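Only one structure is covered here, and it is reproduced in the block below.
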Amino acid sequence: MTVAVGRSVARSDGEAKVRGVADYGVDVVLPGMCHGALWRAPVPSARVVSIDAEAARRVPGVLAVLTGADVENRPTGISLCDQPLFAWPLVRYEGEPVAAVAAETVEALEESLGLLRVELAETPAVADLASALAPDAPLVHPDWASYASLSGAQWPRERNVVCELFSDTGGVDQAFSSAAHVVEDTYRADRQYQASLEPHVAVAEYGAGRFTLHVAHQFPFNVRDRVASALGVRPSEVRVVGHHIGGGFGAKLDVSLEPYAALLARAVGRPVRMENGRSEDLMTAQCRENAVVTIRSALSESGELLACDFDVVFDSGAYAIDAPYLASMPMFAVGSIYRVGQARVRCRAVYTNSSPTGAFRGVSGTYLVFAVERHLDHIARELGLDRRELRLRHLRRSGEKMLNGQTLADADILRECFDRAEELAPFSSLGKGPYRGVGMAACVWLTNPLAGSAVVKLNEDGTVGLVTAATDNGSGAVTMGLRQIAAEELGVDALDVVISMPDTDVSGYDAGSQGSRTTRVVGMAVKAAAERVRERALAVAADHLEISPADLELAAGSVQVRGAPSRRLQLAEVAKLAAAHGGPITGAGSYSTPMPAYAPTCATGLLFPVFPTPTYHLHVAEVEVDPSTGNVRVLRYIVVQEVGRVVNPTGVVGQIQGGVAQGLGYALWEWLALEGGRYRQRTFESYGLPLSVDVPRVEVVTLEHPDPESPYGAKGVAEPPVVPVAAAVANAVSDAIGAEINCIPILPEAVLDALASQDGAGARGVHLSRGGAGAEAGGA
Amino acid sequence: MEIEVTVNGVVRGVEVRPHETLLALLRDRLGLRGAKNGCSEGECGACTVLLDGAPIDACIYPAAACAGRSVTTVEGLAPPDGELTALQRAFVDSGAVQCGFCTPGLLMTLHALLAERAAPSEAEVRRAIVGNICRCTGYAHVVDAVAQAVGARR
Ligand code: FES
Ligand code: FES
C-alpha cells in the first residue's frame, strides 16, 4: 500500500497559481531594474555594411547600445559552435539579433531601437531545402569547415548539410529488384511553434564578477553553460535562478535572451529585463523543423515488407542548434515498431536562411511517424490489405533489435497496445458513415537518460525538504512526481514535502525538463537521497529507543517500531535529536540512466545512438470531414500508452490529453509556413492554436509494466503523446475522403483539393473509402 | 489623467497615461501580477479580468476607460489568507492547472460564466473559454474542474 505513489496528489504549486501569486519569469522585478531589447534583422540574408548607433545612444534614458563590434562575438552552440551573439557581418535569418539596447524605460528603448541606423546589403537567401542542396547553392555559413563541435565529436557534414546520418543493412537494392510490389511516397511537414503562453524572458544582474540570471527555463544548467561560453567566463561565474515556467515544450531548452541580458547588465551595472513580444517569440523560438521524407518499400506478393529506403531532409534553419542530434531520429522511426526487412536510412539536416529550428516535444518523431504510418496505409490500400492486419503482421516482438542494434526487450507490449485499443473500440467499427474515417499510428519513444541530482533533508519540524534543479515546466514531474517519490520513501504526506526552486548555485547538475526524464531519472536521485535520510533517521531513532534500526520503519511522519507502532518518535523529534547527535539529517543522490548496448557501426553520423527506457504507444483517431469547407472534426481519439507505473493518475491523463491537443494542432490547424526564408504567420491570430471547442476529450488507456530500474517502475510519460497524433489523424482523413493526405498540416484547402481531384465527386471518395473499409472488415 | 477605479473592492486613485492598457496599469503600477500578458493582442485570454463583472482582455483595454468602474483580478477571487473559491479549489484538484499561465484568465472567464449559469453544460463551458488559449492541458481537465466546482456548490 502506497501513501503517495499512484495517487492523484495535487501539484504543490497549484494554490499559488490559482491565486495569481506564483512568480513566473515575467513577474520578476528587481530594484533598479531597467529594460533591454534586441534590434533584429528584418531580412533573412544580408551583410551588415555599417551600424550607426549615435542617435540611438543619444536618446535620454538609453544606457547602452551593443553590437557585434562591441563584443567578442565568438560562435557557440549546443552541438556545433556556429552561432555568434550578433549578426556581424552576416545576417543569416530574419529576426537575428544585430544590436542590443538597454534603457531606463520601455519608451526610451523603443525610441532608441527606431533610431539605430543599420545598413544592410541584402544577399540571395537560401530559402528552402531544395535550393540549400543544389550544387551551386550559396553557403549559409561560408566558414562551415572551421567550426568546432562542442563535445569534440566529428560527424559527416559539408557545405549546407550540417549533419548527415547514413545507415545501410545491405541487401536493399537486391530486395527491390526482386520485389513483387514497390510503393513509394513523399511526405512533407511544415514547422510548428511551441507557443508556450509565457514568452521568452530573462532578467540579468551583474556584480563583483558574477552574473545572476532570473529565468523561466526548462534547463537552468544549460543557461549557465551557454551564457558562460558566449561571454567567455567560467560557468561558476554565472548563477541561474529558476522561476515558474509558463510552458516550454522544448522552446526553453537552449538560450534565447539570456546572454544578451547578461551582456547588457554588465555594461550598465544594473539589472536588465528582456522579454520577447509575441511576434518576436514566434519568429525566433527554435520551432519544430520542416521536413521532406521519401520512403520506398519493397514488398512480397503477400505484402511482406522486404526492404525500406528512407530518406529525410530537414531544415535546421540558420544554425545547427540540436539538428546534428535530431538527424539520428529516423533510426528509431523505421524498423522500430514494424519489421521492415533490409533498410537504408539517410537523413540530412540542412542550413537555410531561416529562423533556427530546435527542440519541440516529440522532436522529429511527429513527422517521421507520420511518414511511416501513412506509408503503411498506402501500402495496405495498394495491395488491398487490412490496415490493422498489415501492422500486426510486422509488429516487433520482445528481444528483437531496432536498426541501431539496440534490443527491445519488452516489445511484446506493442501487441498489448493493439489488443487494448481493439477491446475499447474495434478498429473496423470506427469511421463508418459518409465522410468519416479512422486511422491508427504506433510508436516507441525514449525516456531521456541524462544526469540529475537531488538533496533531501529532514526539516526540524518533521517536514521534508527537496532541493533540486529539476524544473517543472507545468508537467507536474517535480511538483507531483518527485514530491510523491520523496513522500513515499519517507512515509510522510506529500503535502509535507517542500520543494526548492532551481538554483545552479545551490543544486547539483540537472539536465533539464526534456524527454520525460524528470520523474524517471531525477526520481532515482530523489530515491537514493531519501534512502540516506531514512537510514540516518532510523539510526538516530534506534539509538534513542535503544532498539535495532532493523526493527524500525518510517510511516505516518514518524519512526516507529515494526509491529508496535505506538512506540514511535515523530520525525520532528528525530530531526532535533539528530542535530544534537552528529548534525542535521540530509542525503544526496545522483543518477543517470546507463546506456543500452547498441551497434556503433550501424550508421555514420549517429550522434544520438540509443532509446533508453523505451515506452510503447498506439493512437487511434476517428474523424469526420466537412466536404463543403474541408474542415476536419475529430470525433474520437484513443491513446493506449505504456508508462511503466502511473505515479499520478490525474497527472498522466493530463499530459496525454495535452500532448494529443498539441498533436492535433500540428496535424490540423497550426501553420508556420516559410516563404523566401520568412514566416508568413506572425501572431497568435494567424497561427491557429487549438481552442477549447476544437479538442475532443481523449480516451486514455495506460498500461503498466514497471521498470525495475525506475523509481516505483515509472518511465517517461509526457513527451510521447504528441508523437503519433498527426499520423493517426492523417490516416483517418485519408480514409474518410479516399485520397492520400501527404502533407502536414492538413489544411482545409488540401482536403478540398483532394476531394475535387477525385473526378470532382466527393461521393466517389466516400465510395472508395467505404470499399477500403469493407475490404478490411472482410480480412479481419 | 487622474481616474478612480475600484480594484478588487478597493477604490484606487491613479494617474493613467493616454495609451496605457488596463493590463499595464494592473501589472506594472498596481503590483497585481496575476493577470498575464500572453500576446498583447486580444488573442490568448491570459490577461482576462472582470470589468463590472464581465470578462475583458485587459491587454487591449484602455485603463482610462475604467474610470468609475470596478475591476476584479484573480487576486480578488479569494482573500489572500482565506479559502479558495470552489472553482479555484477544483482547478487545483482536477489537474486544470499545468504551467498555470492561462489559469488566471480562465478562472476569470469561468467565474463570470458561473455567475450567470449555475450548472453550465460542457458545450457551454467550452464556448465560454474559446478565447482563453491553454497550450498545456487540452482543456478536458478545465471542463472537469467546472463540473467539480458546480458539484461542490450544490
Ligand atoms: S494578453 Fe491579452 S489576450 Fe493575450
Ligand atoms: S496550463 Fe499552461 S497554458 Fe494552460
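Checking each residue of segment A:265-277 against the condition of being surrounded by 24 or more Cβ atoms within 10 Å (Cβ to Cβ), within 14 Å of another protein chain (Cβ to nearest Cβ) and part of a loop (DSSP other than H, G, I, E, B) gives no match.
Of all residues being outside any loop (DSSP other than H, G, I, E, B) and over 12 Å from B:Val49 (Cβ atoms) in segment B:13-36, which is farthest from the other protein chains (Cβ to nearest Cβ)? Just the residue, please. Of everything passing the filter in segment B:13-36, B:Gly13 is farthest from the other protein chains (Cβ to nearest Cβ). Checking each residue in segment B:37-49 for being within 16 Å of ligand 2 (Cβ to nearest atom), part of a loop (DSSP other than H, G, I, E, B) and either open to solvent by less than 40 Å² (accessible area, probe 1.4 Å) or among the polar types (S, T, N, Q) (or both) picks out B:Asn37, B:Gly38, B:Cys39, B:Cys44, B:Gly45, B:Ala46, B:Cys47.
Being among the β-branched types (Val, Ile, Thr) and either within 16 Å of A:Val369 (Cα to Cα) or in contact with a helix residue (DSSP H, G or I) (Cβ under 6 Å, 6 or more places away or on another chain) (or both) is the filter here, so list the residues in segment A:734-751 that pass it.
So the first thing to find is which residues in segment A:734-751 are among the β-branched types (Val, Ile, Thr), and the list is A:737, A:741, A:744, A:746, A:751.
If the condition is that a residue be among the β-branched types (Val, Ile, Thr) and either within 16 Å of A:Val369 (Cα to Cα) or in contact with a helix residue (DSSP H, G or I) (Cβ under 6 Å, 6 or more places away or on another chain) (or both), then A:Ile737, A:Ile741, A:Ile744, A:Ile746 are the ones that fit.
With the structure loaded, tell me whether A:Gly405 is in a loop (DSSP other than H, G, I, E, B) and in contact with a strand residue (DSSP E or B) (Cβ under 6 Å, 6 or more places away or on another chain) or whether it fails that test. No, not satisfied. For segment A:456-494, the tally of residues that are assigned to a loop (DSSP other than H, G, I, E, B) and within 14 Å of chain B (Cβ to nearest Cβ) stands at 6. Any residue at all in segment A:642-655 that's open to solvent by 10 Å² or more (accessible area, probe 1.4 Å) and more than 25 Å from B:Val92 (Cα to Cα)? No, there is no match, as no residue in segment A:642-655 is open to solvent by 10 Å² or more (accessible area, probe 1.4 Å) and more than 25 Å from B:Val92 (Cα to Cα).
Taking segment A:682-697 on its own, how many of its residues are open to solvent by 10 Å² or more (accessible area, probe 1.4 Å) and away from ligand 1 (no atom under 16 Å from the Cβ)? Counting residues in segment A:682-697 that are open to solvent by 10 Å² or more (accessible area, probe 1.4 Å) and away from ligand 1 (no atom under 16 Å from the Cβ) gives 4.
So which residues in segment A:698-716 are crowded, with 18+ Cβ neighbours inside 10 Å, more than 14 Å from chain B (Cβ to nearest Cβ) and not aromatic (Phe, Trp, Tyr)? Result: A:Thr702, A:Leu703, A:Asp707, A:Ser710, A:Pro711, A:Gly713, A:Ala714, A:Lys715, A:Gly716.
For segment A:189-210, the set of residues classified as within 13 Å of chain B (Cβ to nearest Cβ), of a type outside the set (Val, Ile, Thr) and in a strand (DSSP E or B) consists of A:Gln192 only. Each residue in segment A:46-76 was checked for being open to solvent by 10 Å² or more (accessible area, probe 1.4 Å), touching a strand residue (DSSP E or B) at 6+ places or on another chain (Cβ under 7 Å) and more than 25 Å from A:Arg273 (Cβ to Cβ), and 6 pass.
Pairing each residue of segment B:26-43 that is on the phi > 0 side of the Ramachandran plot with any residue that is assigned to a loop (DSSP other than H, G, I, E, B) and within 16 Å of ligand 2 (Cβ to nearest atom), provided the two are 6+ apart or on different chains, yields C-beta distances under 9 Å for B:Ser40/B:Cys47; B:Gly42/B:Gly131.
With the condition kept exactly as written, say whether any residue in segment A:185-193 is among the hydroxyl-bearing types (Ser, Thr, Tyr) and open to solvent by 30 Å² or more (accessible area, probe 1.4 Å). Yes, the conditions are met somewhere in segment A:185-193. Identify all residues within segment A:622-654 that are charged (D, E, K, R) and either touching a helix residue (DSSP H, G or I) at 6+ places or on another chain (Cβ under 7 Å) or more than 14 Å from chain B (Cβ to nearest Cβ) (or both); write none if there are none. The answer is A:Glu622, A:Glu624, A:Asp626, A:Glu642, A:Arg645.
The lone criterion from (1) in a loop (DSSP other than H, G, I, E, B); (2) within 14 Å of another protein chain (Cβ to nearest Cβ); (3) crowded, with 23+ Cβ neighbours inside 10 Å left unmet by A:Tyr93 is number (2). I'm trying to understand the selection: among the residues of segment A:215-243, which are buried (at least 24 other Cβ atoms within 10 Å of the Cβ), within 14 Å of chain B (Cβ to nearest Cβ) and not aliphatic (A, V, I, L, M)? Passing the criteria: A:His217, A:Gln218, A:Gly242.
Kindly indicate which of B:Ala145, B:Ala86, B:Ala118 is away from ligand 2 (no atom under 16 Å from the Cβ) and open to solvent by less than 50 Å² (accessible area, probe 1.4 Å). Quick ask: steps written out before the conclusion?
Values: B:Ala145 fails: away from ligand 2 (no atom under 16 Å from the Cβ); B:Ala118 fails: open to solvent by less than 50 Å² (accessible area, probe 1.4 Å).
Exactly one residue qualifies, and that residue is B:Ala86.
Considering segment A:119-137, the residues that are in contact (Cβ under 8 Å) with a residue 24 or more places away in the chain and surrounded by fewer than 17 Cβ atoms within 10 Å (Cβ to Cβ) include one that is farthest from A:Arg348 (Cα to Cα), namely A:Glu119.
The values are calculated or read from the model by the stated rules, or taken from the named source; none is laboratory data. None of the values given here were measured: they were computed from a predicted structure. With ideal geometry, Cβ positions are generated from the backbone for all residues, glycine too; neighbour counts draw on all protein chains shown. Side chains are part of the model used for accessible areas, which takes the heavy atoms of the whole protein and leaves out ligands, DNA and RNA. Shrake-Rupley method; radii C 1.70, N 1.55, O 1.52, S 1.80 Å.
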